[in-house]
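Below: one structure, written as structure tokens.
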Amino acid sequence: MVRLTPPDFQRLEQAASLNVYVGGGELNVAVAAARLGVSSRWVSRLPDNSLGRVIAARAREQGVDPYVDWSSDGRAGLYFAELGAAPRASNVLYDRSESSISRIKPGKIDWRAVFEGARWFHVSGITPALSDSAAQVTAEALAAAKKAGLTVSYDLNYRSKLWSAEKARAVQEPLMEHVDVLITTEEDSRLVFGIAAPRNSYEHLSEEEYDPVARELQKRFGFQAIAVTLRENPLVWLNSWSAIVLAEGTLHRAPRYEVEIVDRIGAGDAFSGGLITARLDKQGWEQALRFATAASAIKHSIPGDFCLTTKAEVEQLLKGPSLRVSR
């Protein structure tokens, strides 16, 4: 998608100019993985026009191989991100009706060719929310990935402005049979699957309370691993950020980072990219969780959807944060 953001915390109705970024759930993950050292390919359907070419070009700039079904119909999806400050929350306005990707049809993508040489496939719950046909292609892709022997991860990524929680559950529950690693938030597992922590407060989250949530998800769907990102947001631009992973019966907890937010959009995708990268690098679940949480903490400090960090920066943060100027 193309993202348009008013500068200087302005409201859309005030703006005389807009900052332009490119992003989107799976593309953000692919960029994070590429930046952190993993060859990545992103599959999409784009309009054969200037906006479509801009999106593909931004992917290539970050080292991602875009596998694009170019279309003469549809359009590039847009969204406007209005950045707030306490007590006014940030807000997203979608303009993506009839986008090219929403018109994708089963059988159009050669998944065997896409997955050649690949080890991991990642998709998010935003894609099947776009249309019934996009949901069918998501199911097609997941089944093809499992047939090809790939590890499959799925970020639940519920968006209430795209579909209802009831439809999200009805569409996505059958997809879970193909998923090895589920990535979710403290909120999405409750809204979509009805699995909630005993107490829910965005001001004070306890990792221990999400242990039973992860275990119930594992019991219901049989995932190899479940990752839950945890955000405390007492203020819009000052959050606490952490995560847990339940894998092979063991619960792992990441350190908690206090983040001063420049732009939180894409932080969850950065977590997914970091987790995938670390696991493909043969790191254990404890180490992979720490790496992913550190990468996503850094993303909060970067404008735009992409996590423009490096493996060295993440490893430095894992050794201990320093706010001194690097000279």
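Counting pairs of Cα atoms in segment 123-262, how many percent are more than 17 Å apart? More than 17 Å apart: 61 percent of the Cα pairs in segment 123-262. Here the label points at R159 and L78, each 7 Å from Cα along the C-beta direction, are separated by 1.6 nm in the simple model.
Just the protein heavy atoms count here, and of the accessible area of the chain at 1.4 Å, carbon and sulfur take up 49 percent. Here each label is just a point 7 Å from Cα along the line to Cβ, and for D48 and E61 those points are 2.5 nm apart. Taking only the alpha carbons of the chain, we obtain Rg and Dmax values of 18.7, 54 Å in that order.
Site pair E187 and K147 shows an inter-label distance of 3.7 nm when each label is modelled 7 Å from Cα along Cα→Cβ.
Calculate the tail of P(r) for segment 275-319: the fraction of all Cα-Cα distances greater than 15 Å, expressed in %.
So the portion of pairs separated by more than 15 Å is 40 percent.
Could you grab the relative contact order for the chain? Cα pairs under 8 Å, six or more apart, rounded to a whole percent. Once divided by the residue count of the chain, the mean separation gives 15 percent.
Using just the Cα positions, wrap segment 186-309 in a convex hull and report its mean projected area in square nanometres, one decimal place.
Numbers: hull surface 29.0 nm².
Computing the convex hull of the Cα atoms and averaging its projections yields 7.3 nm².
Pairwise alpha-carbon distances in segment 27-183 exceed 23 Å for 40% of all pairs.
As a test of understanding, state the convex hull volume per residue of segment 12-93 from its alpha carbons, in Å³. Mind dumping the intermediate values first?
On the way: hull volume 9.6 nm³, N = 82.
Hull volume normalised by residue count: 117 Å³.
Among F306, F271, the sequence by solvent-accessible area, most first, with a 1.4 Å probe is F306, F271.
Taking each residue as 0.36 nm, the span from A15 to L93 lengthens on full extension beyond its C-alpha to C-alpha distance by 26.6 nm. Counting heavy atoms of the protein chains alone, L238 has an accessible area of about 80 Å² for a 1.4 Å probe. Residue-normalised convex hull volume from the C-alpha trace of segment 1-53: 114 Å³ per residue.
What FRET efficiency comes out for E173 versus I302 if R0 is 45 angstrom and r is the Cβ-Cβ distance? Round to the nearest 0.05.
Details: r = 34 Å, r/R0 = 0.77.
Efficiency computed from Cβ-Cβ geometry: 0.85.
Tell me, what are the semi-axes, in whole angstrom and largest first, of the equivalent ellipsoid of segment 226-294 as set by the roots of 5 times the Cα gyration tensor eigenvalues? Working shown, then result.
On the way: eigenvalues 100, 34, 15 Å².
Computed over segment 226-294, the values are 22, 13, 9 Å.
The values are calculated or read from the model by the stated rules, or taken from the named source; none is laboratory data. Since this is a predicted model, take the numbers as computed values, not measurements. Please note: Cβ atoms are built from the backbone with ideal geometry, for glycine as well, and neighbour counts cover all protein chains shown. Calculation scope for accessible area: heavy atoms of the full protein, side chains included, ligands and nucleic acids excluded. Shrake-Rupley method; radii C 1.70, N 1.55, O 1.52, S 1.80 Å.
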